[in-house]
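Novice: Please read through the structure below; I'll follow up with questions.
The values are calculated or read from the model by the stated rules, or taken from the named source; none is laboratory data. Because the structure is a prediction, the values reported are computed rather than measured. Ideal geometry is used to build each Cβ from the backbone, glycine not excepted, and the neighbour counts take in all protein chains shown.
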Amino acid sequence: MAAIYILWLRELKRYVRSRVQIVVSLGQPALYLLALGYGFSPVFKRAGAGNYLQFMAPGIVAMAVLFSSVFSGIAMLWDRQFGFLKETLVAPVPRLYIMIGRTLGGATVAMIQGALIVIICLIAGFRPRYWVAIPVGYVFVAMIAIVFAAFGTALGSVINDMQGFQLVMNFLVLPIFFLSGALYPLSNLPRALTYITHADPLAYGVDGLRGMLIGTWQFSFTLDMTILSLLAAAFLCAGAWLFSRIQL
């Protein structure tokens, strides 16, 4: 268990020391929030759907957590190139502990990113239904972070070069985000698109976070939490198996 704590702490220290990463990683979510939130708000309101900033703010928080957690897999590629991963793998601890430690470290960093975006949303004018909903809704932030940090670690275990990882991530992450309902309601979509959005893991995280913060549900608390829990277990098991097959 000490290995899990050490790797978790290492990922956290790496993030805290990178002040540039902290600032830059907030740019894209803030741009989406301000440009789209205020730009489309009159159209959204005219359509009778309420305040668009209120609607999309939970989705922007989920986006920040998604990108941060998935791209934590890049750290594994850096460690592989500079030899730190080899030193870790020869340590007398089960590789499952190493994988869990890295996943929890990436998830913690993503949760910090989410907290920073929540602050930006509040400054921009977002107001939750109840203030106590913010810490309660953070359960879904944690689930999103764990699911996609495990997903990123699994991909980092099978991809050896940085360019390939970035191409795969862009091919997967952007569709996952845009089909999650973070920027638009999932109701009244064409049937084919409805099936695709319901197969998107992030859709259940966005729905749970939005439901807790503003009281708007597409699915339900039980379904969202069940799907995310099953996905977290599945990705952790798949990531542990793939990580155990890494050759020194």
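Novice: For region 53-142, give me every one of the helices (runs of 4 or more DSSP H) that falls completely inside it and has 1 or more residues that are surrounded by fewer than 20 Cβ atoms within 10 Å (Cβ to Cβ), at pLDDT 85 or above and not polar (S, T, N, Q).
Specialist: Qualifying helices (runs of 4 or more DSSP H): 95-124.
Novice: Does Asp207 satisfy the criteria of being closer than 21 Å to Phe71 by Cβ, of a type in the set (Asp, Glu) and touching a Gly at 6+ places or on another chain (Cβ under 9 Å)?
Specialist: no
Novice: Among what's in region 184-198 and is surrounded by 14 or more Cβ atoms within 10 Å (Cβ to Cβ) and modelled with pLDDT under 90, pick the residue that is farthest from Leu53 (Cα to Cα).
Specialist: Leu189
Novice: Consider Asn170 carefully, then state whether it is closer than 30 Å to Arg245 by Cβ and free of Cβ contacts under 8 Å to residues at least 24 places away in the same chain. Spell out the reasoning first.
Specialist: Working: closer than 30 Å to Arg245 by Cβ: yes; free of Cβ contacts under 8 Å to residues at least 24 places away in the same chain: yes.
Taking the combined requirement at face value, the residue satisfies it.
Novice: Go through (1) of a type in the set (A, V, I, L, M); (2) at pLDDT 90 or above; (3) under 16 Å from the mean Cα position of the chain (by Cα) and name the single condition Leu172 misses.
Specialist: Exception for Leu172: condition (2).
Novice: Further, regarding this structure: With respect to Ala240, is the statement that it is without any contact (Cβ under 8 Å) to a residue 60 or more places away in the chain, in a helix (DSSP H, G or I) and small (Gly, Ala, Ser) true?
Specialist: no
Novice: Separate question: Take the residues in region 199-229 that are over 16 Å from Ala142 (Cα atoms) and among the aromatic types (Phe, Trp, Tyr); name whichever of them is surrounded by the fewest Cβ atoms within 10 Å (Cβ to Cβ).
Specialist: Trp217
Novice: Scan region 234-244 and tell me whether some residue there is in contact with a helix residue (DSSP H, G or I) (Cβ under 6 Å, 6 or more places away or on another chain) and at pLDDT 90 or above.
Specialist: Step one: filter region 234-244 for residues in contact with a helix residue (DSSP H, G or I) (Cβ under 6 Å, 6 or more places away or on another chain), giving 235-236, 238-240, 242-244.
Next, only the ones that are at pLDDT 90 or above stay: none.
Looking through region 234-244, none of the residues is in contact with a helix residue (DSSP H, G or I) (Cβ under 6 Å, 6 or more places away or on another chain) and at pLDDT 90 or above.
Novice: Every residue in region 185-221 that is outside any helix (DSSP H, G or I) and of a type in the set (D, E, K, R), please.
Specialist: Residue satisfying the conditions is Asp200 alone.
Novice: Anything in region 29-43 that is surrounded by fewer than 21 Cβ atoms within 10 Å (Cβ to Cβ) and either of a type in the set (D, E, K, R) or touching a helix residue (DSSP H, G or I) at 6+ places or on another chain (Cβ under 9 Å) (or both)? List them, or say none.
Specialist: Matches in region 29-43: Ala30, Tyr32, Leu34, Leu36, Tyr38, Gly39, Phe40, Ser41, Pro42, Val43.
Novice: Within region 204-248, work out how many residues are of a type in the set (Phe, Trp, Tyr) and over 20 Å from the mean Cα position of the chain (by Cα).
Specialist: 2
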